[in-house]
Amino acid sequence: MRVIVVEDQALLRDGLVRLFTDKGHDVVGSAGDTNSLGELVAATEPDLVVLDVRMPPTFTDEGATAARSLKTDRPELGVLLLSQHIDKSSVVDLVAQPGFGYLLKDRVFEVDEFLDAAQRVAGGGSALDPKVVSALVAAQEEGPLARLSARELDVLRLMAEGLTNSGIASRLFLSARTVEAHVGNLMTKLDITDSDERHRRVLAVLSYLRATR
């Protein structure tokens with residue numbers, strides 16, 4: 001996996017570079033801001049860009065803005081945002097796209113899980129931090145999610161984290177057939193009928209995030 005790391009904190013940036021390198025991945029670039037990120041991506045052709053949400057000069061949403069630009073220009077590029085704090089508004093418009101992830105920075109210390117999430121995003125999948133998803137669930141009051149049962153919400157929450165049906169079954173100690181039934185039910189309740197299964201899952205998660213932002 002070819003990776004670019006963009007993080008203004010030099011210590012964390014160096015740590016991420018070493019983490020990927022030690023696990024056999026090729027870090028093809030790193031930077032402390034997003035100023036020349038587009039040129040760096042064009043020159044190195046990475047599979048994944050890992051970047052902080054808040055970057056110089058304003059430390060507000062530079063990383064999220066750069067992520068949108070990258071996904072617009074290169075929809076196939078994996079983009080993994082890292083954040084110190086939960087910022088739901090940064091991800092709602094990005095989560096509908098394949099190859100996107102949003103994790104809290106403390107997830108980096110869970111090395112195997114972090115690398116699994118990074119590889120999933122690089123491969124076109126998704127990865128949302130469980131704490132982010134939990135915050136979204138806590139914010140849910142009305143809207144389309146009110147139609148879902150507690151178990152269907154559990155399944156949708158894990159879909160938002162990027163888990164497959166088999167992964168959800170393992171996490172919830174359910175059979176694969178039961179999870180398939182819950183997924184089918186929640187798709188119906190959310191009025192999502194697109195025939196492309198991957199697209200249906202993205203639409204379900206997008207509905208989830210919009211209802212809980």
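Just so it is clear, none of the values below were taken in a lab; they were calculated from the coordinates. Computed from a predicted structure; not experimentally measured. Don't worry about glycine lacking a Cβ; one is built from the backbone with ideal geometry, like all the others, and counts go over all protein chains shown.
Things worth noting here:
- Sequence ranges 161-167, 9-15, ranked by mean other-Cβ count within 10 angstrom, highest first: 161-167, 9-15
- Within the range 31-111, the chymotrypsin sites (Phe, Trp or Tyr not before Pro) that combine a DSSP coil assignment with at most 12 other C-beta atoms in a 10 angstrom radius are F59.
- A straight chain from D93 to L115 at 0.36 nm per residue would run longer than the Cα-Cα distance by 5.5 nm.
- Distance between the pseudo-spin-label points of K131 and T188 (7 Å out from Cα toward the beta carbon): 3.8 nm.
- In straight-distance terms, cross-link reach from K131 covers every one of the aspartates and glutamates whose alpha-carbon lies under 15 Å from its own, apart from those fewer than eight places away in the same chain; here that gives D87, D106, E110, E113, D154, E161.
- Most tightly packed first, judged by the mean number of other beta-carbon atoms within 10 Å of their residues, the peptides 74-84, 22-32 read 74-84, 22-32.
- For K71, the aspartates and glutamates whose Cα comes closer than 16 Å to its Cα, not counting residues fewer than 8 places off in the same chain, are E39, E45, D47, D52, D61, E62, D93.
- Placing a pseudo-label 7 Å from each Cα along the Cα-to-Cβ vector at V28 and E180 gives an inter-label distance of 3.9 nm.
- Theoretical FRET efficiency, 1/(1+(r/R0)^6), r = Cβ-Cβ of T21 and D106, R0 30 Å, to 0.05: 0.90
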